[in-house]
Structure formats: structure tokens, C-alpha cells
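Structure first, commentary second.
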Amino acid sequence: MTTTTNTPRFILVTGAAGRIGSYFTKNANKQKYKLRLMVHPLNPPEEVEPLKSHGEVIEAELEKVETLLKACEGVDTVFHLAGQPDPNARWDSLLKDNIIGTYNIFLAAKKSG
């Protein structure tokens, strides 16, 4: 049996200042979703500031599991949209951002319940 609720789903969006993350953030249905928007501490303020009207903005790094654990606290779902999008990126960047970072966010989400 499916039940419905009027409570918005609490979603962590990694890479919220990126191309896909910022698009999702600006276009998400605010009646259905409450957003926690994860940005990298080195994101420029002009990319982060416009996000503040769409949800709670937090800084965290994919390579630091302890910051990801805090980011995942209390959320229902993680939309992992952070990573290195450059098709010409070097392997060390892809490994750190796209492979290890993805593993770390999955680990943090699992530990957070």
C-alpha cells in the first residue's frame, strides 16, 4: 500500500554550484523537496550566493568523509551531482573527484541511515 505525505523530502544535492546541480536546485519543486545544497569551499561566492534562496547551503569536500557525514545528517535522499566533468581531465583528478569522492558520499549516506 502506498501512502502519501505532505512533508517535503529532504534532499542533499552535491555539486549544487555546478552546471547540473545548479539547474536542479533552481528548478526543483519546493513543495516536494527541501534542499541541502553542498558546495565546495573553493566555489566562488558569485556561484554560491544565488543558491541560498533555494535551500540550506553547506560547504563540504568529497575527500573528507567527516564533512560528508555531517552533510548527510537527517536527509532522506542524496543526489550526487559533484565530480570532475572535464572529458580531458587527468586521471589523478578523475580518481579523486569521481571515484573516491563517489565512494565517500555513498559511505557517508549509508552511515547516516
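The values are calculated or read from the model by the stated rules, or taken from the named source; none is laboratory data. Computed from a predicted model, the values in this text were never measured in an experiment. Glycine gets a Cβ as well: all are built from the backbone with ideal geometry, and neighbour counts include every protein chain shown. Remember, those area values only see protein heavy atoms, side chains included, never the ligands or the DNA or RNA. Shrake-Rupley method; radii C 1.70, N 1.55, O 1.52, S 1.80 Å.
Observations on the model:
- Size of electric dipole in region 9-112: Cβ of Lys, Arg +1 and of Asp, Glu -1, about Cα centre, debye, nearest 20: 500 debye
- When the alpha-carbon atoms of the chain are used, the pair Rg, Dmax equals 14.3, 49 angstrom.
- Rounded accessible area per residue of region 9-112, 1.4 Å, Å²: 61 Å²
- Where trypsin sites (Lys or Arg not before Pro) fall in DSSP loop in region 54-92, at most 11 other Cβ within 10 Å: R90
- Within the accessible area of the chain (1.4 Å probe), percent carbon and sulfur: 54 percent
- Cα→Cβ-extended label distance, 7 Å offset, between K96 and Y23, nm: 2.7 nm
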